[in-house]
Amino acid sequence: MIKTKQGSFVGGGRGNNATGDYGTVAGGQGNAANKNAFVGGGIGNVASAGFGAIAGGQN
C-alpha cells in the first residue's frame, strides 16, 4: 500500500497506490487512483482521470 499525496487513502489489499491528492483505493490488488479518483477494488484497475471512478473488476 502506498499513499503518496495529501488526503489520499488506501484501505487495504496488495500493491495498491493512491498517487494523486485525495485519490482513494478501497482494496483489491495492483490498483491505482490519481487526483480525486476512486477505485473500489478488483485487480489491475487504474483511475487516471481526475474525478474518475472504477467500482471494481479487472483491468
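Structure notes:
- Single match in Gly56, Gly27, Gly7, Gly50 (criterion: part of a loop (DSSP other than H, G, I, E, B), buried (at least 16 other Cβ atoms within 10 Å of the Cβ) and of a type outside the set (D, E, K, R)): Gly27
- Listed by first and then second residue, the pairs with beta-carbon distance under 7 Å, at least 6 apart or on different chains, first residue in the range 39-59 and without any contact (Cβ under 8 Å) to a residue 12 or more places away in the chain, second part of a strand (DSSP E or B) and aromatic (Phe, Trp, Tyr), form an empty list.
- Residue check, Thr4 of a type in the set (Val, Ile, Thr) and modelled with pLDDT of 95 or more: no
The values are calculated or read from the model by the stated rules, or taken from the named source; none is laboratory data. If you're wondering where the values come from, they're calculated on a predicted model, not measured in any experiment. Virtual Cβ from ideal backbone geometry, glycine too; neighbours counted across all protein chains shown.
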